[in-house]
Amino acid sequence: MGFVIQNLGPSDRLSVVSFSSISRRLFPLLLMTDYGKQCALQAVSSLVADGVTNTVEGLKKGTKVIEDRKHKNHVRSIMLLSDGQDSNTKTINLKEISRLGIPVHTFAFGADHDPIMLHSIAEGSKGTLSFIEAEGLIQDAFAQCIGGLLSVVVQDLQVHIQSLDPYVSISHLKAGSYSTCLTGDNQTGSAAIGNLYADEARDFLVLVNIPVVAGGNFDDQMKLVSVWCVYKDPFIIESVTTEAIEVKLQRPEMVNEEDMVVSIEVDRQKKRLQAAEAMSNSRAAAGRGDLPTAWSIIDGCRMQLSDTASAHAGDKLSVHLDFELQEVRSRMESQEIYESTGRGYLLSEICSQESQKATARGDSTESIYQTASMSKMVQQSRAFVPNPLAHNLGTVSSSSTSLLSTLPMTSNGGGGGGTADDGNKASNGI
């Protein structure tokens, strides 16, 4: 937390909520000026392990901090660290989390954490799940997350697709964990993506049914679909609609064998979704104690993916997927290993592949989706010298220590101002 505090700017605001038997807001949303950082460091350094783990109440209090804020920063997020099984009998209201539109980035630490709950929270809020095995990785995992949050360039992204021929129908949109919708006799569709960090990309597959060429009208270009995006620009605080791009297809009478080339770009995305599905199926098998079936699913997927165009081309994502499938398989050697490390690792990797976002897993923050801003922040984390005020900051290994930070972030530039919750004047920023 000391690293997080030191790397926020004077227009960013932070509040920290601790939760054990009960939840407690350590301090209200404070601008991270020198004074705000000093107050935050002193409050965080006073944390001690106590009681049990009440994740539900902690998340409720953190959400309320953001809901009740007076100055409405447009970029806001919650970082939720938990190292224990939730002691509360109440369940998380995932629909409510989704409605609030606050991404919750969860961090599962230690052998006693509840990765299933944390995965549900992350997925329901368009956040991420990081599974942390080594205590020393917590700061780097937070750093990677902060690197993304401080580089938001697109918000509330919606991708739209429209058929350009009454006989061309969209049969399916495969967008991983992002919600999709098909309407108008499958003539239109959309995918809700949410926020994008600088240098990030999202790929999804569109399956269309193409009619037979009528009247022998070959060699003409058939217009299939048009694609455009609608999003909010966090710098000018305005909605932006991009120009529609038309996708066309040649309809020759004969197709030569040399023209039948597999698109590596499409093939790699098919592999990504296939791997994520295999991991989900193997998780279900392992969850019911059927490890042989879980092994068979992973091994079968690896064999299938090894004989694809992208694998033969040495595609970087293909290499990464094979490595991750091997790692998942090694964490299923026994039910005990799966329960202690396999499930958390598996859920974090599923989250990463389905959302195409960087997560920390095991003892590493390396990710195919890590952006330049994230990488830079991780490097800063490894060279970080703690502030003297935080001399007694540290990670407590007790399973009763949990921490939640609410981060209504700002980016450089933009307009605004107003009064932050602590009564300080908010400087210009988003």
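Would region 67-76 turn up any residue that is in a helix (DSSP H, G or I), under 30 Å from ALA198 (Cβ atoms) and open to solvent by 60 Å² or more (accessible area, probe 1.4 Å)? Yes, region 67-76 contains a residue that is in a helix (DSSP H, G or I), under 30 Å from ALA198 (Cβ atoms) and open to solvent by 60 Å² or more (accessible area, probe 1.4 Å).
Scanning region 175-185 for residues that are open to solvent by 60 Å² or more (accessible area, probe 1.4 Å) and in a loop (DSSP other than H, G, I, E, B) yields SER179, ASP185.
Of all residues in region 319-347, those being open to solvent by less than 10 Å² (accessible area, probe 1.4 Å) and closer than 15 Å to LEU273 by Cα number 5. Of everything listed in (1) open to solvent by less than 30 Å² (accessible area, probe 1.4 Å); (2) modelled with pLDDT of 95 or more, the single unmet condition for ASP299 is (1). Just checking, does region 288-298 include any residue being without any contact (Cβ under 8 Å) to a residue 12 or more places away in the chain and among the polar types (S, T, N, Q)? Yes, because at least one residue in region 288-298 is without any contact (Cβ under 8 Å) to a residue 12 or more places away in the chain and among the polar types (S, T, N, Q). Does ASP315 qualify as being open to solvent by 20 Å² or more (accessible area, probe 1.4 Å), touching a helix residue (DSSP H, G or I) at 6+ places or on another chain (Cβ under 9 Å) and of a type outside the set (A, V, I, L, M)? No.
Taken over region 7-24, residues that are open to solvent by less than 30 Å² (accessible area, probe 1.4 Å) and not in a loop (DSSP other than H, G, I, E, B) amount to 8.
Residues are listed down the side, and each one gets a yes or a no for (1) closer than 20 Å to TYR178 by Cα; (2) of a type outside the set (D, E, K, R); (3) touching a His at 6+ places or on another chain (Cβ under 8 Å); (4) modelled with pLDDT under 90:
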residue: GLU253; (1), (2), (3), (4): no, no, no, yes
residue: GLU258; (1), (2), (3), (4): no, no, no, yes
residue: VAL261; (1), (2), (3), (4): no, yes, no, yes
residue: LEU273; (1), (2), (3), (4): yes, yes, no, no
residue: ASN281; (1), (2), (3), (4): yes, yes, no, no
residue: ALA285; (1), (2), (3), (4): no, yes, no, no
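For region 351-391, taking the residues that are among the aliphatic types (A, V, I, L, M) and in contact with a Ser or Thr (Cβ under 6 Å, 6 or more places away or on another chain), the one that is nearest to SER45 (Cα to Cα) is identified as ALA390.
The set of residues in region 250-283 being of a type in the set (Val, Ile, Thr) and within 14 Å of LEU305 (Cα to Cα) consists of ILE264, VAL266. Suppose the filter is open to solvent by 20 Å² or more (accessible area, probe 1.4 Å) and touching a residue at least 40 places away in the same chain (Cβ under 8 Å); does GLY51 pass it? When the stated conditions are applied, GLY51 passes them.
You will find that of SER239, SER226, the residue that is among the hydroxyl-bearing types (Ser, Thr, Tyr), open to solvent by less than 50 Å² (accessible area, probe 1.4 Å), more than 22 Å from the chain's Cα centre (by Cα) and at negative phi is SER226 and no other. Filtered by the rule that a residue be over 28 Å from the mean Cα position of the chain (by Cα) and under 17 Å from HIS312 (Cβ atoms), region 259-292 gives MET260, VAL261, VAL262. Against the conditions (1) under 29 Å from MET374 (Cα atoms); (2) at pLDDT 95 or above; (3) surrounded by 12 or more Cβ atoms within 10 Å (Cβ to Cβ), GLN162 satisfies every one except (1). Only one entry of GLY62, GLY58, GLY101 meets the criterion of being under 24 Å from ILE237 (Cβ atoms) and at pLDDT 80 or above, and that entry is GLY101.
Is there a residue in region 25-44 that is over 24 Å from TYR345 (Cα atoms), part of a loop (DSSP other than H, G, I, E, B), basic (Lys, Arg) and open to solvent by 30 Å² or more (accessible area, probe 1.4 Å)? The answer is no; no qualifying residue exists. Got at least one residue in region 165-174 being closer than 14 Å to GLU354 by Cα, open to solvent by 50 Å² or more (accessible area, probe 1.4 Å) and either part of a strand (DSSP E or B) or not β-branched (Val, Ile, Thr) (or both)? Scanning region 165-174, I find at least one residue that is closer than 14 Å to GLU354 by Cα, open to solvent by 50 Å² or more (accessible area, probe 1.4 Å) and either part of a strand (DSSP E or B) or not β-branched (Val, Ile, Thr) (or both), so the answer is yes. Of all the residues that make up region 242-295, how many are among the β-branched types (Val, Ile, Thr) and either surrounded by fewer than 10 Cβ atoms within 10 Å (Cβ to Cβ) or part of a loop (DSSP other than H, G, I, E, B) (or both)? The total comes to 4.
The values are calculated or read from the model by the stated rules, or taken from the named source; none is laboratory data. Model, not experiment: these values are computed from the prediction. Cβ atoms come from the backbone with ideal geometry, glycine included; neighbour counts cover every protein chain shown. Just so you know, the surface numbers come from the protein's heavy atoms only, side chains and all, with ligands and any DNA or RNA stripped out. Shrake-Rupley method; radii C 1.70, N 1.55, O 1.52, S 1.80 Å.
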